[in-house]
Amino acid sequence: MSEKKCIRVVAAEIERDGRFLITQRRPTATLPLLWEFPSGRVEPGERDEDALVREIREEMDIEVRVGKLSMFIKHEYDEYSIDLCVYRCELVSENIKPRKVHDWRWVGPDEMDQYEFPPADAQTIEKLLHGR
């Protein structure tokens with residue numbers, strides 16, 4: 001039996017006025033139309049911080065300043081596993097344009113349960129809401 005592929009994913013925890021930026025996956029994506037922190041894959045040889053800046057620029061045409069690692073989640077899916085690294089980020093530019101996401105929202109902690117997240121992301125939301 002071959003070992004599962006492990007995918008390194010970085011996500012941005014962007015908070016403003018007690019609300020967090022979440023994005024909705026496109027209908028054609030894996031785990032379609034589920035919600036998540038803005039995120040993307042780390043390419044071979046790429047630093048987490050550089051991948052996060054690139055992915056957020058590609059997905060929403062905004063700039064972020066990447067801060068400290070906030071959470072690390074390892075999650076096993078049937079076909080692969082992911083190493084999800086969540087970094088606290090600061091928004092540098094404000095004008096969000098959903099280029100590679102279906103939708104986006106600023107959501108308060110008390111509203112998170114109204115959105116469906118993929119299993120790995122659900123773990124990050126749980127940690128965020130109930131202490132790390």
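The values are calculated or read from the model by the stated rules, or taken from the named source; none is laboratory data. Since we're looking at a predicted model, the values are computed, not measured. With ideal geometry, Cβ positions are generated from the backbone for all residues, glycine too; neighbour counts draw on all protein chains shown.
Across segment 1-41, the qualifying residues are those that are of a type in the set (Val, Ile, Thr) and more than 21 Å from LYS97 (Cβ to Cβ), and the one among them that is surrounded by the fewest Cβ atoms within 10 Å (Cβ to Cβ) is THR30.
You will find that of GLU116, GLU94, the residue that is in a loop (DSSP other than H, G, I, E, B) and in contact with a Phe, Trp or Tyr (Cβ under 8 Å, 6 or more places away or on another chain) is GLU116 and no other. Evaluation of ASP121 against the conditions (1) of a type in the set (Asp, Glu); (2) under 30 Å from GLU3 (Cα atoms); (3) touching a Lys or Arg at 6+ places or on another chain (Cβ under 6 Å) shows that the sole unmet condition is (3). Annotation: LYS74 fulfils all but one of (1) basic (Lys, Arg); (2) surrounded by 15 or more Cβ atoms within 10 Å (Cβ to Cβ); (3) part of a strand (DSSP E or B); the unmet one is (2).
Under the condition of being under 22 Å from ARG57 (Cα atoms), surrounded by fewer than 16 Cβ atoms within 10 Å (Cβ to Cβ) and not hydrophobic (A, V, I, L, M, F, W, C), the residues counted in segment 101-132 number 2. Only residues that are modelled with pLDDT of 95 or more and part of a helix (DSSP H, G or I) were counted in segment 97-111, giving 1.
Could you list all residues from segment 48-66 that are touching a helix residue (DSSP H, G or I) at 6+ places or on another chain (Cβ under 9 Å), touching a residue at least 40 places away in the same chain (Cβ under 8 Å) and either among the small types (Gly, Ala, Ser) or more than 10 Å from SER93 (Cβ to Cβ) (or both)?
VAL66 - this is the single residue of segment 48-66 that is touching a helix residue (DSSP H, G or I) at 6+ places or on another chain (Cβ under 9 Å), touching a residue at least 40 places away in the same chain (Cβ under 8 Å) and either among the small types (Gly, Ala, Ser) or more than 10 Å from SER93 (Cβ to Cβ) (or both).
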